[in-house]
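Enquirer: Okay, handing you the structure first.
The values are calculated or read from the model by the stated rules, or taken from the named source; none is laboratory data. From a predicted model like this one, the values you see are computed outputs, not experimental measurements. Reconstructed Cβ throughout: ideal geometry from the backbone, glycine too, with neighbour counts over all protein chains shown. Keep in mind that these areas ignore ligands, DNA and RNA; they rest on the heavy atoms of the full protein, side chains included. Shrake-Rupley method; radii C 1.70, N 1.55, O 1.52, S 1.80 Å.
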Amino acid sequence: MEEMNWMKNIIGADNARAASEETKAILCRMAEDGDDLSQPREIDFNHLFADEESAVAFSEAVILRGFTQVDCDFWDEQDEWQTSVHVTMVPSLLEIDVIETELDEMARSFDGHPDGWGCMEVVGPELP
């Protein structure tokens, strides 16, 4: 029962089953590793594209949708273009899944595919 209450705080909703299992597992690992998930941070939602034109078109569509920070770079090691949509937020399982689903659908409409999300760890102050 304690885990379910803890998960409600991470998810931001009463139904812990509504969010993806993968994102849930990542957030649980982050919390277990000492990340203070109550603190806002920049979360990067990444997508890959075969050509620059598709990556740029996706980036422009994302801006029109209301996202304000998007990077677009060529990745030599994958021979693809990567976009990163940066969203500053408190990590919430439900919100991450909503944003990820929206961006993944948009990327697919430009022949792209998701490459996951990530963020930097935020650790609270050490207790005496």
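Enquirer: Return the residues of region 47-81 that are of a type outside the set (D, E, K, R), open to solvent by 20 Å² or more (accessible area, probe 1.4 Å), in a strand (DSSP E or B) and under 30 Å from Asp36 (Cα atoms); say none if nothing qualifies.
Expert: Gln69, Val70, Cys72
Enquirer: Do any residues in region 65-82 that are without any contact (Cβ under 8 Å) to a residue 12 or more places away in the chain have Cβ atoms under 9 Å from those of residues that are part of a loop (DSSP other than H, G, I, E, B) and open to solvent by 50 Å² or more (accessible area, probe 1.4 Å), where the two are at least six apart or on different chains, and which pairs are they?
Expert: Going by the 9 Å Cβ cut-off, the qualifying pairs are Asp79/Ala50.
Enquirer: Looking only at residues in region 103-121 that are open to solvent by 50 Å² or more (accessible area, probe 1.4 Å) and in contact with a strand residue (DSSP E or B) (Cβ under 8 Å, 6 or more places away or on another chain), which one is farthest from Val56 (Cα to Cα)? I'd like the intermediate steps shown before the answer.
Expert: Here is the first cut: in region 103-121, the residues open to solvent by 50 Å² or more (accessible area, probe 1.4 Å) are 105, 108-111, 113, 115, 120-121.
This time we only want the ones that are in contact with a strand residue (DSSP E or B) (Cβ under 8 Å, 6 or more places away or on another chain), so: 110-111, 113, 115, 120-121.
Working: Phe110: 10, Asp111: 12, His113: 14, Asp115: 16, Met120: 25, Glu121: 29 Å.
That would be Glu121.
Enquirer: I'm trying to understand the selection: among the residues of region 31-46, which are out of contact with any helix residue (DSSP H, G or I) (no Cβ under 9 Å at 6 or more places or on another chain) and open to solvent by 30 Å² or more (accessible area, probe 1.4 Å)?
Expert: Within region 31-46, Glu32, Asp33, Gly34, Asp36, Gln39, Pro40, Glu42, Asp44 qualify.
Enquirer: A further question on this structure: Just the residues that are modelled with pLDDT of 95 or more and more than 15 Å from Met106 (Cβ to Cβ), please, taken from region 58-70.
Expert: Gln69
Enquirer: Which residue is surrounded by the fewest Cβ atoms within 10 Å (Cβ to Cβ), if the candidates are limited to region 84-102 and must be within 23 Å of Glu121 (Cβ to Cβ) and polar (S, T, N, Q)? Spell out the reasoning first.
Expert: Of the residues in region 84-102, the ones within 23 Å of Glu121 (Cβ to Cβ) are 84-100.
Now restrict to residues that are polar (S, T, N, Q): 84, 88, 92.
Working: Ser84: 19, Thr88: 11, Ser92: 20.
Of everything passing the filter in region 84-102, Thr88 is surrounded by the fewest Cβ atoms within 10 Å (Cβ to Cβ).
Enquirer: I would also like to ask the following. Could we say that Glu21 is surrounded by fewer than 18 Cβ atoms within 10 Å (Cβ to Cβ), modelled with pLDDT of 95 or more and not hydroxyl-bearing (Ser, Thr, Tyr) here?
Expert: Judged against the criteria, Glu21 is not a match.
Enquirer: Are there any pairs with C-beta distances below 6 angstrom linking a residue in region 90-118 that is touching a residue at least 12 places away in the same chain (Cβ under 8 Å) to a residue that is aromatic (Phe, Trp, Tyr) and part of a helix (DSSP H, G or I), with the two at least 6 apart or on different chains, and if so which?
Expert: Ala107/Phe58; Phe110/Phe58; Gly112/Phe58
Enquirer: Here's something else I'd like to know. Which pairs have Cβ atoms under 8 Å, sit 6 or more apart or on different chains, and link a residue in region 19-48 that is touching a residue at least 40 places away in the same chain (Cβ under 8 Å) to one that is aromatic (Phe, Trp, Tyr) and open to solvent by less than 20 Å² (accessible area, probe 1.4 Å)?
Expert: From region 19-48, the pairs are His47/Phe58.
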